Amino acid sequence: MNKQKRKDIAEYIDRCNELLEDIESTMMDEQESLDNLPENLQDSEMASKMEEYIDSLECACDYLREVIDNLQDTL
(Lines give C-alpha, C1' and ligand atoms only; values in the text may rest on other atoms or scores of the structure.)
Protein backbone atom coordinates (compact mmCIF):
# COMPACT_ATOMS: atom_id res chain seq x y z
CA MET A 1 0.00 0.00 0.00
CA ASN A 2 1.39 3.36 -0.95
CA LYS A 3 1.72 6.41 1.25
CA GLN A 4 -1.38 8.16 -0.14
CA LYS A 5 -3.62 5.14 0.48
CA ARG A 6 -2.34 4.85 4.06
CA LYS A 7 -3.02 8.56 4.51
CA ASP A 8 -6.56 8.09 3.15
CA ILE A 9 -7.21 5.20 5.52
CA ALA A 10 -5.87 7.21 8.46
CA GLU A 11 -8.36 9.93 7.50
CA TYR A 12 -11.19 7.37 7.41
CA ILE A 13 -10.18 6.22 10.88
CA ASP A 14 -10.25 9.81 12.15
CA ARG A 15 -13.69 10.38 10.65
CA CYS A 16 -14.97 7.12 12.13
CA ASN A 17 -13.63 8.11 15.54
CA GLU A 18 -15.40 11.47 15.30
CA LEU A 19 -18.62 9.73 14.33
CA LEU A 20 -18.20 7.27 17.19
CA GLU A 21 -17.83 10.15 19.64
CA ASP A 22 -20.97 11.80 18.26
CA ILE A 23 -23.00 8.60 18.53
CA GLU A 24 -21.72 7.93 22.05
CA SER A 25 -22.66 11.46 23.06
CA THR A 26 -26.17 11.03 21.68
CA MET A 27 -26.45 7.68 23.44
CA MET A 28 -25.36 9.20 26.77
CA ASP A 29 -27.84 12.05 26.34
CA GLU A 30 -30.64 9.59 25.67
CA GLN A 31 -29.59 7.49 28.67
CA GLU A 32 -29.62 10.58 30.86
CA SER A 33 -33.10 11.45 29.60
CA LEU A 34 -34.25 7.93 30.37
CA ASP A 35 -32.69 8.03 33.83
CA ASN A 36 -34.47 11.31 34.56
CA LEU A 37 -37.93 10.19 33.53
CA PRO A 38 -40.53 10.71 36.22
CA GLU A 39 -41.35 7.56 38.13
CA ASN A 40 -44.80 7.29 36.57
CA LEU A 41 -43.23 7.09 33.07
CA GLN A 42 -40.42 4.64 33.81
CA ASP A 43 -42.50 1.63 32.75
CA SER A 44 -44.17 3.38 29.84
CA GLU A 45 -44.04 2.71 26.11
CA MET A 46 -41.93 5.84 25.75
CA ALA A 47 -39.33 4.49 28.20
CA SER A 48 -39.31 1.19 26.33
CA LYS A 49 -38.67 2.98 23.04
CA MET A 50 -35.90 5.01 24.61
CA GLU A 51 -34.23 1.80 25.80
CA GLU A 52 -34.48 0.41 22.27
CA TYR A 53 -32.86 3.56 20.86
CA ILE A 54 -30.04 3.31 23.38
CA ASP A 55 -29.49 -0.36 22.54
CA SER A 56 -29.44 0.44 18.82
CA LEU A 57 -26.94 3.24 19.32
CA GLU A 58 -24.76 0.98 21.45
CA CYS A 59 -24.85 -1.65 18.71
CA ALA A 60 -23.88 0.98 16.13
CA CYS A 61 -20.94 1.99 18.33
CA ASP A 62 -19.80 -1.62 18.58
CA TYR A 63 -19.92 -2.03 14.80
CA LEU A 64 -18.10 1.24 14.28
CA ARG A 65 -15.35 0.17 16.70
CA GLU A 66 -14.99 -3.00 14.66
CA VAL A 67 -14.70 -0.95 11.46
CA ILE A 68 -12.03 1.21 13.09
CA ASP A 69 -10.11 -1.87 14.24
CA ASN A 70 -10.28 -3.38 10.76
CA LEU A 71 -9.07 -0.16 9.16
CA GLN A 72 -6.22 0.07 11.65
CA ASP A 73 -5.20 -3.48 10.74
CA THR A 74 -4.63 -2.31 7.17
CA LEU A 75 -2.07 0.30 8.17
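The values are calculated or read from the model by the stated rules, or taken from the named source; none is laboratory data. Remember, it's a predicted structure, so these values are computed and weren't measured experimentally. When we count neighbours, we look across all protein chains shown, and the Cβ atoms used for this are built from the backbone with ideal geometry, even at glycine.
Can you tell me which residue within the range 21-62, out of those that are in a helix (DSSP H, G or I) and among the hydroxyl-bearing types (S, T, Y), is farthest from the chain's Cα centre (by Cα)?
Among them, the one singled out is S48.
Quickly run through the range 15-28 and pick out the residues that are over 17 Å from Q72 (Cβ atoms) and surrounded by 12 or more Cβ atoms within 10 Å (Cβ to Cβ). Even if it seems obvious, please write down each step before you answer.
Applying the first criterion (over 17 Å from Q72 (Cβ atoms)) to the range 15-28 yields 22-28.
Selection gives I23, E24, T26, M27, M28.
For the range 16-75, the candidate set comprises residues that are closer than 30 Å to M1 by Cα and among the hydroxyl-bearing types (S, T, Y); within that set, the residue that is modelled with the lowest pLDDT is T74. Within the range 22-64, the residues that satisfy the criterion of being among the acidic types (D, E) and more than 28 Å from Y12 (Cα to Cα) are E32, D35, E39, D43, E45, E51, E52.
Out of curiosity, is R65 assigned to a helix (DSSP H, G or I) and over 11 Å from the mean Cα position of the chain (by Cα)?
Values: assigned to a helix (DSSP H, G or I): yes; over 11 Å from the mean Cα position of the chain (by Cα): no.
In short, no.
Annotation note: Cβ proximity below 7 Å between a residue of the range 1-14 that is under 15 Å from N70 (Cα atoms) and loosely packed, with under 11 Cβ neighbours inside 10 Å and a residue that is modelled with pLDDT under 95 and among the acidic types (D, E) (sequence gap 6+ or interchain) occurs for no pair. Looking at L57, L75, which is the one that is loosely packed, with under 12 Cβ neighbours inside 10 Å and either in contact with a His (Cβ under 8 Å, 6 or more places away or on another chain) or in contact (Cβ under 8 Å) with a residue 12 or more places away in the chain (or both)? So the residue among L57, L75 that is loosely packed, with under 12 Cβ neighbours inside 10 Å and either in contact with a His (Cβ under 8 Å, 6 or more places away or on another chain) or in contact (Cβ under 8 Å) with a residue 12 or more places away in the chain (or both) is L75.
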